[in-house]
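The values are calculated or read from the model by the stated rules, or taken from the named source; none is laboratory data. Keep in mind that what you see is a predicted model, and the values were worked out from it rather than measured. Note that we place each Cβ from the backbone using ideal geometry, even for glycine, and neighbour counts take in every protein chain shown. The protein model used for the area step is the full one, side chains on, heavy atoms only, and it has no ligands, DNA or RNA in it. Shrake-Rupley method; radii C 1.70, N 1.55, O 1.52, S 1.80 Å.
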Amino acid sequence: MILPIVAYGDPVLKKVGKDISKDYPKLDDLIANMYETMYGAFGLGLAAPQIGLPIRLFIVDAEPFAEDDSFTKEEQEAFKGFKKTFINPKILEEKGDEWPFNEGCLSIPDVREDVFRKPEITIEYFDEDFNKYTETYDGLIARVIQHEYDHIEGVLFTDKLSSLKKRLIKGKLANISKGKIGIDYKMKFPNQKKKR
């Protein structure tokens, strides 16, 4: 089932997510719905707060990058079949020199900005069957994970921009929260005027 994606301005996007247990109600359905929602919006990742749930869960599928010729063959190989569910994740370490990459977000459509992140992370998490992993990722996969991880920490990529950049996109962000935007996937806008 495709769920509406929560737009910029909704308080849930600013909450730090809570850990969940394997008894979380209808967890399998929730994860399946999140994948369906993400694919429906042509996203590479989706975090639970983006569908209104302040819990520590996000999904990533980097497969679309595997078709992108702007990446090296090696990078494209890494993206192939990279599909994972992260439950109760904890980034243990981020290292290397920060590098910029143009990021966007399903909750903030039509806004893309360069964000600086460290290139390598080590993360501990549970998969959908509650098997525990500690893994290290780098490059673009690390970045997608960092972006989604920020969501469960109540952080948006726009929070990482300079104050000048923030001022320049302020009007756009206000319009997104009011639903004054053309999008081709289901969204829920916190400041949309109710139609009479």
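Within segment 122-148, if we keep just the residues that are in contact (Cβ under 8 Å) with a residue 24 or more places away in the chain and closer than 19 Å to residue 24 by Cβ, the residue that is nearest to the chain's Cα centre (by Cα) turns out to be 148. Of the residues making up segment 12-54, those that are in a helix (DSSP H, G or I) and acidic (Asp, Glu) are 28, 29, 36. When residues in segment 150-186 are screened for being of a type outside the set (D, E, K, R) and open to solvent by less than 30 Å² (accessible area, probe 1.4 Å), 12 of them pass. Just one of the numbered conditions (1) acidic (Asp, Glu); (2) open to solvent by 60 Å² or more (accessible area, probe 1.4 Å); (3) closer than 28 Å to residue 185 by Cβ is not true of residue 127: (2).
Based on this model, can you work out whether residue 136 counts as in a strand (DSSP E or B), at pLDDT 95 or above, open to solvent by 30 Å² or more (accessible area, probe 1.4 Å) and among the polar types (S, T, N, Q)? Lay out the reasoning, then the answer.
Values: in a strand (DSSP E or B): yes; at pLDDT 95 or above: yes; open to solvent by 30 Å² or more (accessible area, probe 1.4 Å): yes; among the polar types (S, T, N, Q): yes.
Considered against the rule, which asks whether it is in a strand (DSSP E or B), at pLDDT 95 or above, open to solvent by 30 Å² or more (accessible area, probe 1.4 Å) and among the polar types (S, T, N, Q), residue 136 comes out as yes.
Looking across segment 98-109, the residues that are part of a strand (DSSP E or B) and in contact with a helix residue (DSSP H, G or I) (Cβ under 7 Å, 6 or more places away or on another chain) come down to 101, 103, 105, 108, 109.
Among the residues of segment 36-54, those that are open to solvent by 20 Å² or more (accessible area, probe 1.4 Å) and either under 17 Å from residue 152 (Cα atoms) or among the basic types (Lys, Arg) (or both) comprise 44, 51, 52, 53, 54.
Return the pair list, or none, for Cβ contacts closer than 8 Å from residues in segment 110-121 that are under 9 Å from residue 160 (Cβ atoms) and touching a residue at least 24 places away in the same chain (Cβ under 8 Å) to residues that are β-branched (Val, Ile, Thr) and not in a loop (DSSP other than H, G, I, E, B), at least 6 apart or on different chains. From segment 110-121, the pairs are 113/158; 113/169.
Of the residues contained in segment 144-155, none is found to be under 23 Å from residue 68 (Cβ atoms), of a type outside the set (Val, Ile, Thr) and at pLDDT below 95. When 123, 169, 141 are checked against the criterion of being closer than 30 Å to residue 76 by Cβ and modelled with pLDDT of 95 or more, a single residue qualifies: 123.
The set of residues in segment 65-97 being part of a helix (DSSP H, G or I), over 16 Å from residue 121 (Cβ atoms) and among the hydrophobic types (A, V, I, L, M, F, W, C) consists of 65, 66, 79.
Is it true that residue 58 is in contact (Cβ under 8 Å) with a residue 40 or more places away in the chain, open to solvent by 50 Å² or more (accessible area, probe 1.4 Å) and part of a strand (DSSP E or B)? For residue 58, the condition - in contact (Cβ under 8 Å) with a residue 40 or more places away in the chain, open to solvent by 50 Å² or more (accessible area, probe 1.4 Å) and part of a strand (DSSP E or B) - is not met. Within this structure, residue 72 passes the test of being of a type in the set (S, T, N, Q), free of Cβ contacts under 8 Å to residues at least 24 places away in the same chain and open to solvent by 20 Å² or more (accessible area, probe 1.4 Å).
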